[in-house]
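Only one structure is covered here, and it is reproduced in the block below.
The values are calculated or read from the model by the stated rules, or taken from the named source; none is laboratory data. Not measured: the values here are computed from a predicted model. With ideal geometry, Cβ positions are generated from the backbone for all residues, glycine too; neighbour counts draw on all protein chains shown. Heads up: the accessible areas ignore ligands, DNA and RNA and are worked out on the full protein's heavy atoms, side chains in. Shrake-Rupley method; radii C 1.70, N 1.55, O 1.52, S 1.80 Å.
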Amino acid sequence: VYAAEKEISEAAVLLTQRETHPDSIEAFLELGKKYGKPVIVNPAPALPIPDAWYPMIDTITPNETEAEKYTGITVTDEKTALDAACVFASWGVRRVIITRGRHGVFCAEFDADKKPIFKANIATMRVDAVDTTGAGDSFNGALCTALAEGRTLVDACRFATVAASLSVTRAGAAESMATREEIDALYNKFYHSGIKIDARARMLAMENDIFWRALEGTGEDGMITESDIRRAMRG
């Protein structure tokens, strides 16, 4: 880790997980803090995290199971996701991203007083999953790429969700990872296509923080209807 100090000092974003020796992770976090770099920790596997680490973690990215293991809160919806995120924040983490499989991604950001200043639930696209191995790695790698490019937290989560969605449609781990061209193409199709939505459905989506562009409409010519939004609300 110390041999890579120059690279760490020049990096836009730092990422680590729990598969390496705790001493190396701690050294990595300390160097990240030394150079004021945003450090993302993917807590997989969900091994114990020392209390002293949390204030050095800018963003933590557990899935629902990992979030429950660390916080003791079962994540079943946006409210419980926020409750779990608040626990991480109380330990010193500024941003919390909880991946929820087909239920999408929950993200929250906290101020210096550990109060939530922003939260969002990002819908994911429906895909035929073949193998989920490596989906978390794909998500975290793409998340770092997007944040390094200066994207907002929500947009970075959308980009990462697309990358993970592509990876689960293929067998294997590294070999299932999508190319940048594939991610960009699906991202643009998914989030910036000419999807139509009726007025009542749009209002309902806004009231319930449903990202309607991620949905498939069942109305005429693929229009998203109120029933599509209600279906998304039920998960």
For region 215-226, indicate whether the set of residues that are under 20 Å from the mean Cα position of the chain (by Cα) and touching a residue at least 12 places away in the same chain (Cβ under 8 Å) is non-empty. yes
Within the set of pairs 6+ apart or on separate chains, which have a first residue in region 63-75 that is more than 19 Å from Thr161 (Cα to Cα), a second that is open to solvent by 40 Å² or more (accessible area, probe 1.4 Å) and part of a loop (DSSP other than H, G, I, E, B), and C-beta atoms under 8 Å apart? Glu68/Thr74
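Test of understanding: among Gly150, Gly92, which residue is in contact with a Pro (Cβ under 6 Å, 6 or more places away or on another chain), within 18 Å of Leu14 (Cα to Cα) and not basic (Lys, Arg)? It would help to see each step written out before you state the result.
Values: Gly150 fails: in contact with a Pro (Cβ under 6 Å, 6 or more places away or on another chain).
On inspection, the qualifying residue turns out to be Gly92.
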Of the residues Ala85, Ala89, only one is more than 18 Å from Ala160 (Cβ to Cβ), crowded, with 19+ Cβ neighbours inside 10 Å and modelled with pLDDT of 95 or more; which? Ala89
Look through Glu207, Glu220, Glu226, Glu216 and report the one residue that is modelled with pLDDT of 85 or more, of a type in the set (Asp, Glu) and at negative phi. Glu226
Can you pull out every residue in region 101-118 that is open to solvent by 20 Å² or more (accessible area, probe 1.4 Å) and under 17 Å from Leu143 (Cα atoms)? Gly101, Glu109
Those residues that are more than 15 Å from the chain's Cα centre (by Cα), under 25 Å from Met233 (Cα atoms) and surrounded by fewer than 17 Cβ atoms within 10 Å (Cβ to Cβ), I need them from region 34-72; list them, please. Gly72
Only one of these conditions is not met by Lys114: (1) out of contact with any Phe, Trp or Tyr (no Cβ under 7 Å at 6 or more places or on another chain); (2) in contact (Cβ under 8 Å) with a residue 60 or more places away in the chain. Which number is it? (2)
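List the helices (runs of 4 or more DSSP H) that sit entirely inside region 134-216 and contain at least 1 residues that are open to solvent by less than 30 Å² (accessible area, probe 1.4 Å) and β-branched (Val, Ile, Thr). Walk me through how you get there before you give the answer.
Working: elements: 135-148, 153-167, 180-191, 199-207.
In region 134-216, 153-167, 180-191 are the helices (runs of 4 or more DSSP H) which contain 1 or more residues that are open to solvent by less than 30 Å² (accessible area, probe 1.4 Å) and β-branched (Val, Ile, Thr).
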Count, please, the residues in region 217-232 that happen to be part of a loop (DSSP other than H, G, I, E, B) and closer than 17 Å to Val105 by Cβ. 0
Report whether or not Ala173 is at pLDDT below 85 and under 22 Å from the mean Cα position of the chain (by Cα). yes
